[in-house]
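**Q** First, the structure itself, so that you have it in front of you.
The values are calculated or read from the model by the stated rules, or taken from the named source; none is laboratory data. Just so it is clear, the structure is predicted and the values come from calculations on it, not from any experiment. Please note: Cβ atoms are built from the backbone with ideal geometry, for glycine as well, and neighbour counts cover all protein chains shown.
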Amino acid sequence: MTLERRAFVLGLLALSPALARPRAAAAAEELTMLATVTRVVNLPMIVGLRLLEKEDGVKVAIKDLRSPESVMLAVIEGQGQVATGFAPFYPAIEKGAPVRGVLELSRPEFVVMAKKEIASVKELHGIRLASHSPKATVQSLLEFYLKTQSGVQPNVVFIPEGSPARAEALLRGAVDAAAFDLTAAQVVAERAPGKFHVLVDFTDQPVSSSSLVVNAAFAKEKPELVRKLVRRMLESYRQGARDAKFWVRERGETLKEVDDAKLEGQLRALVKIFDLNGGLDRMRGPGAVENLSFQVATGNLTGPVGKWKPEQFFDTAPLDAVLKDLGRR
């Protein structure tokens, strides 16, 4: 054997263990979603996260925090890459927070329910009305609405623990009216038939109640993952809107304590607040201006509204890409 051939063979022998050794599997991508206490309205979002795990192999952790304010602070600090953004999202941007909204999670799901004896909005004046907290979305909606009702000023009692707590306060007689979500309204109607009624319905308001918010550094580093996330969310919304049983089947361990049929009924009532185009019309153009005008009108942003541009708050590029692929509804 020539020296050259021997060197070639020895080189192959030296390489063969490395060639035979299986490659280490690439580490799965990970994502932490920051949110407040899980409610029925969050289920389409959670199912979207489960689809991201199932279809894209992304490991997702959901971390519940006590308040929308703490959620926003945590995503700004990078404790999670994405979060649910309610009213505190807007003043955070005004203060320079490096976050953007990439998808509308829901429009307002809130109503004001009152004792049957309170037959008109004018009769809310002076009565005890339970709401969330001073800067919460539901309280902003309530204040915005009451500005159109001259002389009507209820005695607002803040109960920030959530819609179920405010529903319980109404059922116990601790308050005469309460602002809470559609699911809580169903519970009140079922537990006390004919004793309470929906006096004000905020669900038709053309504003975003909750947005999917991403940390800007994460969005810059992982744009493809952001697009995958937006796509799976939108797929969840569209499949569930066709048949709410989809959300019930795909919920995993989330809200397993709730009977399937009851949960399906609650979800069907919520379908109308989920936009099958991801809220694009409230993230840019005239719809976005109206969205921001509401935040200015309620004092959540400083005015005038003309100083704000939608792109300061929303990055529509991921949603645009997804809608180009899936089509608009």
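**Q** I need the full set of residues from segment 90-123 which are among the acidic types (D, E) and more than 17 Å from the chain's Cα centre (by Cα), in order please.
**A** Applying the first criterion (among the acidic types (D, E)) to segment 90-123 yields 94, 104, 109, 117, 123.
Matches in segment 90-123: E94, E117, E123.
**Q** Take the residues of segment 134-146 that are of a type outside the set (A, V, I, L, M, F, W, C) and free of Cβ contacts under 8 Å to residues at least 60 places away in the same chain: which is farthest from R172 (Cα to Cα)? Full working, then the answer.
**A** Initially, segment 134-146 is screened for residues of a type outside the set (A, V, I, L, M, F, W, C), giving 134-135, 137, 139-140, 143, 145.
From the residues that got through so far, the ones that are free of Cβ contacts under 8 Å to residues at least 60 places away in the same chain too are 134, 139, 145.
Numbers: P134: 23, Q139: 22, Y145: 26 Å.
Selected residue: Y145.
**Q** Restricted to segment 134-165, and to residues that are within 30 Å of N277 (Cα to Cα) and part of a loop (DSSP other than H, G, I, E, B), which residue is modelled with the highest pLDDT? Give the derivation first.
**A** To start, the set of residues in segment 134-165 that are within 30 Å of N277 (Cα to Cα) comprises 135-145, 162-164.
In the following step, the residues that additionally are part of a loop (DSSP other than H, G, I, E, B) were identified as 135-136, 162.
On the way: K135: 78, A136: 83, G162: 86.
Taking the candidates together, the pick is G162.
**Q** State which residue pairs qualify: first residue within 14 Å of Y145 (Cβ to Cβ) and assigned by TED's automatic domain parsing to the domain that holds P193 and inside segment 103-127, second residue of a type in the set (G, A, S) and surrounded by fewer than 19 Cβ atoms within 10 Å (Cβ to Cβ) in any location, beta carbons under 7 Å apart, and separation of 6 or more residues or different chains.
**A** Final answer for the pair search is H125/G151.
**Q** Do you know which of the residues in segment 300-319 that are of a type outside the set (A, V, I, L, M) and in a helix (DSSP H, G or I) is surrounded by the most Cβ atoms within 10 Å (Cβ to Cβ)? Quick ask: steps written out before the conclusion?
**A** Going residue by residue through segment 300-319, those that are of a type outside the set (A, V, I, L, M) are 300, 302-304, 306-316, 318.
Okay, now just the ones that are also in a helix (DSSP H, G or I), so 306-307, 310-312, 318.
Numbers: G306: 10, K307: 11, P310: 19, E311: 13, Q312: 12, P318: 24.
Ranking the qualifying residues of segment 300-319, first place goes to P318.
**Q** Scan segment 220-238 residue by residue and report those that are surrounded by fewer than 16 Cβ atoms within 10 Å (Cβ to Cβ) and touching a residue at least 12 places away in the same chain (Cβ under 8 Å). Can you show your working first?
**A** Within segment 220-238, the first condition is being surrounded by fewer than 16 Cβ atoms within 10 Å (Cβ to Cβ), and the residues that meet it are 220-221, 223-224.
Listed by number, the list holds a single entry, P223.
**Q** If you check L280, L276, which single one turns out to be modelled with pLDDT of 95 or more, touching a Leu at 6+ places or on another chain (Cβ under 7 Å) and at negative phi?
**A** Details: L276 fails: touching a Leu at 6+ places or on another chain (Cβ under 7 Å).
Among L280, L276, only L280 is modelled with pLDDT of 95 or more, touching a Leu at 6+ places or on another chain (Cβ under 7 Å) and at negative phi.
**Q** Which numbered condition in (1) buried (at least 19 other Cβ atoms within 10 Å of the Cβ); (2) touching a residue at least 24 places away in the same chain (Cβ under 8 Å) is the only one that V248 fails?
**A** (2)
**Q** Continuing with this model, one more query. Considering every residue within segment 191-204, establish whether at least one is closer than 30 Å to A288 by Cβ, within 16 Å of the chain's Cα centre (by Cα) and surrounded by fewer than 23 Cβ atoms within 10 Å (Cβ to Cβ).
**A** Yes, some residue in segment 191-204 is closer than 30 Å to A288 by Cβ, within 16 Å of the chain's Cα centre (by Cα) and surrounded by fewer than 23 Cβ atoms within 10 Å (Cβ to Cβ).
**Q** Now for a separate question. Inspect segment 266-283 for any residue being in contact (Cβ under 8 Å) with a residue 60 or more places away in the chain, under 21 Å from R50 (Cβ atoms) and of a type in the set (F, W, Y) and give the result as yes or no.
**A** So far as segment 266-283 goes, yes, one or more of its residues are in contact (Cβ under 8 Å) with a residue 60 or more places away in the chain, under 21 Å from R50 (Cβ atoms) and of a type in the set (F, W, Y).
**Q** Which residues, counting only those in segment 301-314, are touching a residue at least 60 places away in the same chain (Cβ under 8 Å) and either more than 22 Å from N42 (Cβ to Cβ) or more than 19 Å from the chain's Cα centre (by Cα) (or both)?
**A** L301, T302, Q312, listed by residue number.
**Q** Which ones in segment 285-299 are crowded, with 17+ Cβ neighbours inside 10 Å and either free of Cβ contacts under 8 Å to residues at least 40 places away in the same chain or of a type in the set (A, V, I, L, M) (or both)?
**A** Matches in segment 285-299: A288, L292, S293, V296.
**Q** Of all residues in segment 100-132, how many are farther than 18 Å from M45 by Cβ and assigned to a strand (DSSP E or B)? Working first, answer last.
**A** Step one: of segment 100-132, the residues farther than 18 Å from M45 by Cβ are 111-132.
The next check asks that each one be assigned to a strand (DSSP E or B); those that pass are 111-115, 128-131.
Residues flagged as farther than 18 Å from M45 by Cβ and assigned to a strand (DSSP E or B) within segment 100-132 amount to 9.
**Q** Are any residues in segment 115-155 β-branched (V, I, T) and under 30 Å from R66 (Cβ atoms), and if so, which ones? Before the answer, list the steps.
**A** Of the residues in segment 115-155, the ones β-branched (V, I, T) are 118, 121, 127, 137-138, 148, 152.
Once the filter is applied, which keeps residues that are β-branched (V, I, T) and under 30 Å from R66 (Cβ atoms), segment 115-155 yields I127, T137, V138.
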